[in-house]
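Below is one structure, written out as C-alpha cells, with a few remarks after it.
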Amino acid sequence: MDAKVRLSLDHSLQETDGLYINYMVVFERDSVDYVEAAHLSRQLLEAALREVGLEFGEDQSLGS
Amino acid sequence: MIKLLVKQATVDYHGFFAAPAFNLIGEVREIIAGLSKAFAVHNVGLGNFRMEGDAAEPSTAAALVRLGRFGIYQFKFDQVKASLSGFSDDDLEGMISVIEKGNGWVREAVNNFAFKTHAFL
C-alpha cells in the first residue's frame with residue numbers, strides 16, 4: 001500500500017466502557033487509487049484489530 | 001474474540017496540495033461552477049453550497065458542498081477535505097466517488113497541480 005498508518009485505541013469519553021479507535025492512513029504522493037486504498041486500509045484495520053482480540057460484528061456498518 | 005458494536009463513526013479525508021491554487025483565488029464563480037459540474041450527478045444546486053472563511057484571508061476561505069448521505073466536500077486554496085458521519089458501507093463508497101469527482105475537477109482547474117499528501121482518518 002506504501003502508506004504511513006497509525007492505529008490508536010483508548011477509552012471512549014462518550015460511551016461508558018467503550019473504546020475509541022482512531023485510524024489514520026497517509027499517502028505521501030500525488031496519485032492514489034481511492035477505492036483500492038479504502039479496501040486495503042479496511043483490511044489492514046481489521047487485521048490489526050484481530051491481533052488484539054477485536055473484530056467488527058458481521059453485520060456492522062460503520063455508523064449509527 | 002470480542003465483537004465491536006459501532007456506536008459512532010466518522011471518516012475524514014484531507015488532500016493537501018503541493019502548491020496553493022493561486023489561479024483560483026478570487027474566482028468564486030469558477031469554483032462554484034466547477035464543483036457544481038463535478039457533482040452534477042448528485043443534483044447539486046446553489047443551496048448545497050456554503051462559502052466559509054474570510055475572503056481577505058485566503059488560507060481560511062473555503063467552498064463547502066453538502067452531498068446528503070455522501071457527506072461534505074470542501075475546497076480550500078491549499079487543500080480539499082471530505083467528511084462523512086453515521087454511514088453505511090454504500091455511503092462510504094459514495095464518499096469515495098465524491099472525492100474522485102471533486103479531486104478530478106481540482107486537477108483540471110488548478111494550474112500545474114499536484115497533491116502532496118492524502119490522509120484518511
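The values are calculated or read from the model by the stated rules, or taken from the named source; none is laboratory data. Just so you know, these numbers come straight off a predicted model, no measurement behind them. Every residue, glycine among them, receives a Cβ derived from its backbone with ideal geometry; neighbour counts consider all protein chains shown. For accessibility, only protein heavy atoms count, side chains too; no ligands or nucleic acids. Shrake-Rupley method; radii C 1.70, N 1.55, O 1.52, S 1.80 Å.
Of note:
- Accessible-area ranking of B:Thr117, B:Thr10, A:Thr16, largest first, probe 1.4 Å: A:Thr16, B:Thr10, B:Thr117
- Interface size, chains A and B: roughly 2600 Å² of accessible area buried, both sides included, 1.4 Å probe, rounded to the nearest 100.
- Cross-link reach list, lysines versus B:Lys76, counting only Cα pairs under 27 Å and skipping chain neighbours closer than eight places: A:Lys4, B:Lys37, B:Lys101, B:Lys116
- Take each residue in A:48-56, count the other chain C-beta atoms within 10 Å of its C-beta, and the mean is 2.
- Low-density loop cleavage sites - trypsin sites (Lys or Arg not before Pro) in the range B:32-118, where at most 10 other Cβ are within 10 Å (DSSP): none
- Within the protein assembly as shown, percent of DSSP bridges classed antiparallel, to nearest 5: 90 percent
- Shape call, the protein assembly as shown: gyration tensor on alpha carbons, a/c limit 1.5: prolate
- Only protein atoms count toward the accessible area here, which uses a 1.4 Å probe; on chain A, the carbon and sulfur part of that area reaches 47 percent.
- Inter-chain neighbour count for B:22-29: the average number of beta-carbon atoms from partner chains within 10 Å of each residue's beta-carbon is 0.
- Surface composition of the range B:1-42: carbon plus sulfur atoms contribute 60% of the solvent-accessible area (1.4 Å probe, protein chains only, all chains present).
- Neighbours of B:Gly15 by Cβ distance under 9 Å: Lys/Arg scored +1, Asp/Glu scored -1, total +2.
- Calculated from backbone phi, Karplus (6.51, -1.76, 1.60) coupling profile of the range B:55-61 in Hz, x at Gly/Pro: 4, 7, 10, x, 6, 9, 5
- Counting Cβ atoms of other protein chains within 10 Å of each residue's Cβ and taking the mean over peptide B:83-93 gives 3.
- Probe 1.4 Å, protein heavy atoms only - accessible area per residue of the range B:24-114 in square angstrom: 50 Å²
- Cα shape, chain B, gyration tensor, a/c 1.5 rule: prolate
- Cα gyration tensor, the range B:30-89 - rounded (a/c under 1.5), prolate or oblate: oblate
- Under the simplified labelling scheme, the B:Phe16-A:Leu13 pair shows an inter-label distance of 2.4 nm, with each label point 7 Å from Cα along Cα→Cβ.
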